[in-house]
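Reading through the structure tokens given below for one structure.
The values are calculated or read from the model by the stated rules, or taken from the named source; none is laboratory data. What you are looking at is a predicted structure, and each value in this text was computed from that prediction instead of being measured. Backbone-built Cβ (ideal geometry, glycine too); neighbour counts: all protein chains shown. Protein only, heavy atoms only, side chains kept; ligands, DNA and RNA dropped before computing areas. Shrake-Rupley method; radii C 1.70, N 1.55, O 1.52, S 1.80 Å.
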Amino acid sequence: MTQKVKGGLLLLIAAMIWGSSFIVMKSAVDFLTPAVLLFVRFSLAALFLGILFFPKIKAFPRQKMIGGLLTGCCLFGAYYVQTWGLNFTTPGKNAFLTAVYCAIVPFLVWFLHHKRPDIYNFVAAFLCVVGIGFVSLDGNLSMNKGDFLTLCGGFLYAVHILMIKRFSKDVDGGAFTAFQFIGGACVAGVIALLSEDIRLVTMIDSSIFLQIFYLAFFATAVTMVCQTIGQNYTSECQASLILSLESVFGVAFSVLFYGEVLSFQVILGFVFIFVAIIISETKLSFLKKGVMIDEENC
């Protein structure tokens, strides 16, 4: 198995676990406010990884440490806005609208590194906007608060992917991820103190202990290690494509376990967004390969 295949498998595992986490988060936000939930989630994840990677954390380069903390601040922003939006929308919509970061990544690369997107990226961006319209706009062409916040979270996830690629090169993925969660937990704690009631941490109902453990260990610690290590062996665009499958898993889990009912308009929007993601990240290369194989067989 090549390093590229291993990286892809790690990213796929992360996408599947993240997809399942939307319905878990939906139940958790009924008890905890977004910043308090993320403070608990990131703190526990940092503790898990701190114990697991302690020797490597001690030897971690100081400059890379700062990069990990900054990346964690961006990660908190993405999670916070997404979790806030989940209060006002469904898990399925939250999952699919977050996935627009895949179409955003090439344009951020253009802005930051002056690498112009190709025609596929522009077509994908157009299809993505159409898909968002089907999913989020009502008869008055207005968007609800939850969908808008989710889209903002998608943009921050795109920024986070680029930050991981920049700061995690040539360092231990587990230790780097631990510093991300330390940075995210610190920001979450400050936000909770300033704008929410952090005393909720001491009032967590026993009925959601299992949900919080799942979110902190599997959907945060395990998945971020998978993403950080997996991205070291894949390109930014390949990584965003595989991670976009989180949206498919998210809708599937929401329909199966949350009972979400999808209208034809919403399903059509999901199709547009997913096709946009495929076009942006594959350039339809699988079709070209298929044509070449058919020509060789002739």
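Observations on the model:
- Selection status of Lys64, charged (D, E, K, R), surrounded by fewer than 20 Cβ atoms within 10 Å (Cβ to Cβ) and either within 14 Å of Leu215 (Cα to Cα) or modelled with pLDDT of 85 or more (or both): no
- Residues being among the aliphatic types (A, V, I, L, M), more than 15 Å from Thr282 (Cα to Cα) and open to solvent by 90 Å² or more (accessible area, probe 1.4 Å) - total across segment 107-128: 1
- Scope segment 29-61; condition more than 16 Å from His160 (Cβ to Cβ), open to solvent by less than 40 Å² (accessible area, probe 1.4 Å) and hydrophobic (A, V, I, L, M, F, W, C); matching residues: Val29, Leu32, Ala35, Val36, Leu37, Val40, Ala46, Leu49, Phe53, Ile57, Phe60
- Residues in segment 154-195 that are charged (D, E, K, R) and within 18 Å of the chain's Cα centre (by Cα): 2 in all.
- Selection within segment 1-26 - touching a helix residue (DSSP H, G or I) at 6+ places or on another chain (Cβ under 7 Å) and not hydrophobic (A, V, I, L, M, F, W, C): Gly7, Gly8, Gly19, Ser20, Ser21, Lys26
- Yes/no for Gly50 being closer than 24 Å to Ser244 by Cβ and not basic (Lys, Arg): no
- All positions within segment 241-279 that are within 20 Å of Gln227 (Cα to Cα), open to solvent by less than 40 Å² (accessible area, probe 1.4 Å) and of a type outside the set (A, V, I, L, M): Ser244, Glu246, Ser247, Gly250
- Within the set Phe148, Phe134, Phe122, the sole residue that is under 26 Å from Trp18 (Cβ atoms) and over 21 Å from the mean Cα position of the chain (by Cα) turns out to be Phe134.
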